[in-house]
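Single-structure report; data block below.
The values are calculated or read from the model by the stated rules, or taken from the named source; none is laboratory data. These figures come from a predicted structure and were not determined experimentally. Positions of Cβ are generated from backbone atoms using ideal geometry, with glycine treated the same way; all protein chains shown enter the neighbour counts. Side chains are part of the model used for accessible areas, which takes the heavy atoms of the whole protein and leaves out ligands, DNA and RNA. Shrake-Rupley method; radii C 1.70, N 1.55, O 1.52, S 1.80 Å.
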Amino acid sequence: MSAEVAGSNLALAADVIRVDETIRSLRRTLKEASSVVALTGAGISAESGIRTFRGAGGLWRQYRPEKLATPEAFERDPKLVWEWYDWRRAVIQAAKPNPGHAALAELESRTVKQGGSFTLITQNVDGLHDRAGSRGIVKLHGDIWTVRCVGCGRSERNDQVPLLPLPPHCECGALMRPGVVWFGEPLPEDEWERATKACAAAQIVLVIGTSATVYPAAGLAQAAQQAGAKMAVVNPEPTALDEMAEWVLRGPSGELLPGLL
Ligand code: BJW
Ligand code: ZN
C-alpha cells in the first residue's frame, strides 16, 4: 500500500470516528430530552423517490415555480397547475415512507411514553409522515391530499389518482385547488401557532432534509435556538444553519435517523 493511500485511509478512519461520536452524543441528548421538535423538508422523502425542489434533480431546476406554485399561476391556467399536481400525486401515491420517516415516528412514541413532548413540523405536503405513523403533525405548507374550493372555502380529502375531470369543481360550481401553500400565501394560522409554541419550548430541534431557504418556515429553527434549544442538522449537503448547529450529521436521513434511536 502506498503512503498516500494509507494516509487517506487514516483520514477516513478519523472521519468515521468523528461521525460516530456525533451520533452518540446526539443520541444521548435525545434520550434525555423532554421536549423535542423536528423540522423536516423535502430531503426526508428523497430516499422514497420523491424529488426535492432545489439542488441536483430538484423540481425547480425543471419547472418554474411562478408558473406552477403561485395563486396567480392558478388563476391564469388552473388546468396546467392541476396537471402538474396530478402527476406529483401519482408519484407520491406509489412511494413508500423510508427508514427516516419511521425513525421519527418511533422517536415520537418513545418521547411521549417517557412523558415528554414531541412535535413534528413538516414543510412537506406528501403525507409520508402520516403513513409512517407520526401523530399530531404540523403541516406548514398544507397537504397534497386535500383539495379546497376557491369559492366557498370547503375543503376535503381526496386520494383519487388520476384526478378526473381536471380541473375539479366544487358542488357550488367554483374551482377546487390543491390544499397546499403557494409562494406569496400566508401559512395556516393554527399550524403556525402550534409550530411557534413548540419551538419556544423545545430543548432540542432537529432540522432534517431542508435547504432552510423558504420563509417563514426556515425561521422556526433559529427561533427555537434563540429560545434555548440545541440544534442538530441532518443533510447530505451543507446548509445555512450548519454554523448555528451543535451537531451536523452530513448524510442521507434514511441512513442516519435510525441510528439516533
Ligand atoms: C436530503 C436528502 C436525503 C437531499 N436526506 N436530506 C422574495 C420574493 C418572493 C417571495 C419571497 C421573497 N423573500 C421571501 C419571500 C417569501 C417566500 C420565500 O421564502 N421565498 C424564498 C424562496 C425566497 N415565502 C412565502 O411566500 C411563504 N409565504 C409567506 O411568506 O407569506 C407571507 C404572507 C403573509 C400574509 C399574507 C400573505 C403572505 C409561503 C411559502 C410556500 C412554499 N411553498 C412550496 C410549495 C408547496 C406546495 C408544493 O409542494 O407544490 O413549499 S415551495 C417548496 O419549498 C415547498 C417546500 O415545502 C419549500 C421548502 O423546500 P425544502 O423542503 O427545504 O426543499 P429543498 O428542495 O429546498 O431542499 C431539500 C434539502 O434536502 C436540500 O438541503 C438537500 O441537500 C436535502 N436532501 N437528499 C436528507 N436523502
Ligand atoms: Zn365551493
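May I ask you to rank TRP182, TRP60 by accessible area, largest first, using a 1.4 Å probe over the protein chains only?
Order by accessible area, largest first: TRP60, TRP182.
Convex hull over the Cα atoms of region 167-226, averaged projected area in nm²? Don't skip to the answer; put the middle values down first.
Numbers: hull surface 23.4 nm².
Result: 5.9 nm².
Is region 77-169 best put as rounded, prolate or oblate by its Cα gyration tensor, with a ≥ b ≥ c the root eigenvalues, rounded for a/c under 1.5, and otherwise prolate when a/b is larger than b/c, oblate when not? Show your work: numbers first, answer last.
Values: a/c = 3.32, a/b = 2.01, b/c = 1.65.
It comes out prolate by the Cα gyration axes.
Using Cα pairs under 8 angstrom and six or more residues apart, how large is the relative contact order of region 138-205, in percent? Don't skip to the end; give the middle numbers.
Working: 78 pairs, mean separation 26.3, N = 68.
Here the relative contact order equals 39 percent.
I'd like the FRET efficiency for LYS197 and SER155, computed as 1/(1 + (r/R0)^6) with the beta carbon distance as r and R0 of 30 Å, rounded to 0.05.
Values: r = 23 Å, r/R0 = 0.78.
According to the calculation, E is roughly 0.80.
Rolling a 1.4 Å sphere over the protein heavy atoms, what is the accessible area per residue of the chain, to the nearest Å²? Please list the in-between numbers first.
Working: 12880 Å² over 261 residues.
Accessible area per residue: 49 Å².
Rounded, prolate or oblate: which fits region 1-144, taking a ≥ b ≥ c as square roots of the Cα gyration tensor eigenvalues, rounded meaning a/c under 1.5, else prolate when a/b beats b/c? Intermediate results must be reported in sequence, preceding the final value.
Numbers: a/c = 2.88, a/b = 1.40, b/c = 2.06.
Oblate is the answer for region 1-144, as a/c is 1.5 or above yet b/c matches or exceeds a/b.
Which far-off residues, 5 or more places away or on another chain, put their amide H under 5 Å from the one on THR119, with H placed in the peptide plane?
VAL36, VAL37, ALA38
What net charge is computed for the residues neighbouring VAL180, neighbours being all others with C-beta under 12 Å from the C-beta of VAL180, Lys and Arg scored +1, Asp and Glu -1? Kindly include the intermediate steps, with their values, before the conclusion.
Values: positive: ARG88, ARG89, LYS139, ARG148, ARG177; negative: ASP126, ASP143, GLU185.
Net local charge, VAL180 excluded: +2.
With a ≥ b ≥ c taken as the square roots of the eigenvalues of the C-alpha gyration tensor of the chain, please select rounded if a/c is under 1.5 and otherwise prolate if a/b is larger than b/c or oblate if it is not? If you can, show how the numbers build up before the last one.
On the way: a/c = 2.21, a/b = 1.63, b/c = 1.35.
Note, shape of the chain comes out prolate.
Any chance you could look up the accessible area of PHE53 with a 1.4 Å probe, heavy atoms only, rounded to 10 Å²?
In the full protein context, PHE53 sits at about 60 Å².
Could you look at region 142-198 and say what percent of its accessible area is carbon and sulfur, using a 1.4 Å probe and all protein chains?
On the way: 1710 of 3160 Å².
Reported share for carbon and sulfur atoms: 54 percent.
May I ask for the distance between the Cα centers of region 188-235 and region 1-69, given as a whole number of Å?
17 Å
Before anything else, pin down the relative contact order of region 103-256: Cα pairs under 8 Å, at least 6 apart, normalised by residue count, whole percent. Let's see the in-between values first.
Working: 235 pairs, mean separation 23.2, N = 154.
Averaging sequence separation for qualifying contacts and normalising by length gives 15 percent for region 103-256.
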